[in-house]
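Scroll down for the structure; my scribbles are underneath it.
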Amino acid sequence: MIGRLNHVAIAVPDLAAATATYRDTLGAKVSAPQDEPDHGVTVVFVELPNTKIELLHPLGEGSPIAAFLERNPAGGIHHLCYEVADILAARDQLEAEGARVLGDGEPKIGAHGKPVLFLHPKDFLGSLIELEQV
Ligand SMILES: CC[C@H](C(=O)O)C(=O)SCCNC(=O)CCNC(=O)[C@H](O)C(C)(C)COP(=O)(O)OP(=O)(O)OC[C@H]1O[C@@H](n2cnc3c(N)ncnc32)[C@H](O)[C@@H]1OP(=O)(O)O
Ligand SMILES: [Co+2]
């Protein structure tokens, strides 16, 4: 079912400072901030040779990452995103196996313009998992 690691997301309290850390201290190529109101976040992508780092900051009221940042005020690894060929088939198989798909279970379009879903961290070793159909 899961294929390549598409990205590792880090929730950060200060997106500009985090961008500078990756760009200036770590010398990585970073994107401009991208507001994703449907997801309640602003994202910056750090391009790496073999995957991406997604820097996340809450956008607007009710951001799904607000509580995470309250628990982790300095920031922290928020989720792992794996690629799948067929997100609906993956969803149905995971639900059949008892895994919890977050939200209403319907994929939303993510930051790369592809359908994404999230799986409850308590079902996957304490890690929030995002699936992205590529
Ligand atoms: C633009 C899209 C972009 C992309 O890549 O395309 C994105 O990735 S958008 C990313 C932001 N969106 C989401 O994260 C959507 C899915 N997430 C959620 O629905 C929530 O974050 C949720 C339900 C996972 C957690 O929400 P919240 O923290 O408010 O709930 P609880 O406090 O009830 O937490 C329940 C339980 O889970 C633990 N938890 C929470 N977040 C994480 C996490 N990121 N990793 C691991 N564990 C997490 C939390 O500590 C609670 O555990 P407990 O032992 O019960 O205290
Ligand atoms: Co993501």
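A compact table of results
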{"read-out": "Cα centroid separation - region 17-39 against region 94-134, whole Å", "value": "24 Å"}
{"read-out": "Heavy-atom accessible area per residue - the chain, 1.4 Å, Å²", "value": "54 Å²"}
{"read-out": "Restricting region 26-79 to GluC sites (Glu not before Pro) in coil, as DSSP defines it, with at most 10 other Cβ within 10 Å", "value": "GLU61"}
{"read-out": "Relative contact order (%) - criterion: Cα under 8 Å, at least six apart; region: region 64-124", "value": "23 percent"}
{"read-out": "Antiparallel DSSP beta bridges within region 9-134, as percent of all bridges there, nearest 5", "value": "70 percent"}
{"read-out": "Helix 87-96 vs. the chain, principal-axis angle (Cα, 0 to 90°, nearest 10)", "value": "60 degrees"}
{"read-out": "Region 5-133, accessible surface, carbon-and-sulfur percent (1.4 angstrom probe)", "value": "55 percent"}
{"read-out": "Value of relative contact order over region 1-63, rounded to a whole percent, pairs C-alpha under 8 Å and six or more apart", "value": "36 percent"}
{"read-out": "Percent RCO, i.e. relative contact order, over region 5-133, from Cα pairs under 8 Å lying at least 6 residues apart", "value": "24 percent"}
{"read-out": "Cα pair distances in region 24-79, grouped into 10 Å bins until the bin that holds the longest one, percent each", "value": "23, 48, 27, 2"}
{"read-out": "Alpha-carbon gyration tensor eigenvalues x 5, square-rooted, for the chain, Å", "value": "25, 17, 13"}
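The values are calculated or read from the model by the stated rules, or taken from the named source; none is laboratory data. These figures come from a predicted structure and were not determined experimentally. Positions of Cβ are backbone-derived with ideal geometry, glycine not excepted, and every protein chain shown enters the neighbour counts. Heavy atoms of the whole protein, side chains included, go into the accessibility calculation; ligands, DNA and RNA do not. Shrake-Rupley method; radii C 1.70, N 1.55, O 1.52, S 1.80 Å.
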